[in-house]
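In what follows, a single structure is set out as structure tokens and then discussed.
Nothing in this text is a laboratory measurement; each read-out follows from the coordinates by a stated rule. Just so you know, these numbers come straight off a predicted model, no measurement behind them. All Cβ positions, even for glycine, are placed from backbone atoms using ideal geometry, and neighbour counts span all protein chains on display.
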Amino acid sequence: MELKSKIGPVVAITITIAAVLWVYAGGHGITAAQHSSAESSSSNTTAMANDTASKSADKAPEKNTNQASLSTQKYSVQANTIHAQNIALQLAISGQTVADKTLTLTNSYKGKVVKLYVKKGDFLKKGAPILQIDTRVLQAQIAETKSLTKQRSIELKGLTKLKDINLTSNVRLAEAETNLATALSTAKSLAINLENATVTAPFSGVLNTLDIEEGQMLSDDTPIGSLVSLNPLHIQVPIPQNKIHHIHQGTLGQVHLATGLETTGEVSYISRQANPESRTINVELLVNNPNHAIPSGLTADVDFSLGQQKAQAFSPALLTLDDNGHTAVKILDEQHKVASLPVTIVKSERDKVWVLGLPDSVNLITVGQGFVAAGDTVDAHY
């Protein structure tokens, strides 16, 4: 019993010591393994870094070589040599027809309209009657004045004879002269009224409006209608300020009217005052219109011929803008260096434009102009 009681504690202590030794030995082994694995990972990372650096070093010269190759490569463009040609320059301007004269007719003798000789729209020659006002009272006044004038004339003659033999005074003679002058003045005034009682056309033209009717009572200065003269017909057109130097007195223009009629006009007037808002100068042309077939107020397109001038033609798609914002084209010199030249468009057609500002012969870039700039040297193909 004593022996068994002593063996139990000894066994327990032995087992405890063995467990501690085992744990110590096992932990140390794991730590060593982990340390070994870390060293291995670090070695691999260093090797990979060295390998990447080596490859980068190997590729660097190749990249620099490609960049140098690209920097010396010339862009390829297509070009065409064009030559200046003589063309007829035209200036097309839109305007409108204007009557030569327009007058509002008025009445200068009051009374009743007893007769209308015309109707609205009639063509009247100068002096043709338009209407007649009742003159019955006026005729009676004229007859009375005529008799009074005759009487005053006889009285003056009698007093003149009496004065010759000193049987009347100078005062009586002067009174007789005054009475005769008054009668003559009244007769002249009545004759003017009789003339004004018939309204006539002051110039040849069309009675465009008629505002009164037969039987109507008219007071002084009553509007009767409007008379319009259409021959010659005027055409007003606004000429741009930068084109006015091409237009002179007598310059001819082809006129195309909205009605389809075509005719020729001649410049008769150039305004000496420009319109500051539209930057134009008004010009008038005269057009022969003997039958008054062309009315006033029509839209009229006028083409002026500005003579011959040398210009180049090409597609409008080749136009660009230079650094100053001006319309330009890109060309090549003899060394295939790109240059940008400003141009002025003088004529436009459906598929091409005509420009000024280029040499008589020029190498125009037709393909690739959008990818090159002035000063670039290119690989040109014609």
(request) Could you let me know the centre-to-centre spacing of the stretch 287-336 and the stretch 79-114, using Cα atoms, in angstrom? (result) 21 Å
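Quote the charge dipole size of the stretch 106-222 about the Cα centre in Debye, to the nearest 20; the model charges only the Cβ of Lys and Arg (+1) and of Asp and Glu (-1). Please report the intermediate quantities before stating the final value.
Values: 16 positive and 13 negative charges, 83 e Å.
My answer is approximately 400 debye.
Convex hull over the Cα atoms of the stretch 285-382, averaged projected area in nm²?
Working: hull surface 38.8 nm².
If I average the Cα hull's projected area over directions, I get 9.7 nm².
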(message) Output wanted: per-residue J couplings in Hz (rounded whole) for the stretch 225-242, from phi through Karplus 6.51 cos²θ - 1.76 cosθ + 1.60, θ = phi - 60°, x for Gly and Pro.
(response) x, 10, 10, 10, 9, 10, 9, x, 8, 9, 10, 9, 9, x, 9, x, 4, 7
(request) Compute the Rg/Rh shape ratio of the stretch 106-222: radius of gyration over Kirkwood radius, all on alpha-carbon atoms. (result) 1.24
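Which ordering of H381, H234 is given by a fewest-first count of other beta-carbon atoms within 10 Å?
Details: H381 11, H234 21.
The fewest-first ordering by Cβ neighbours comes to H381, H234.
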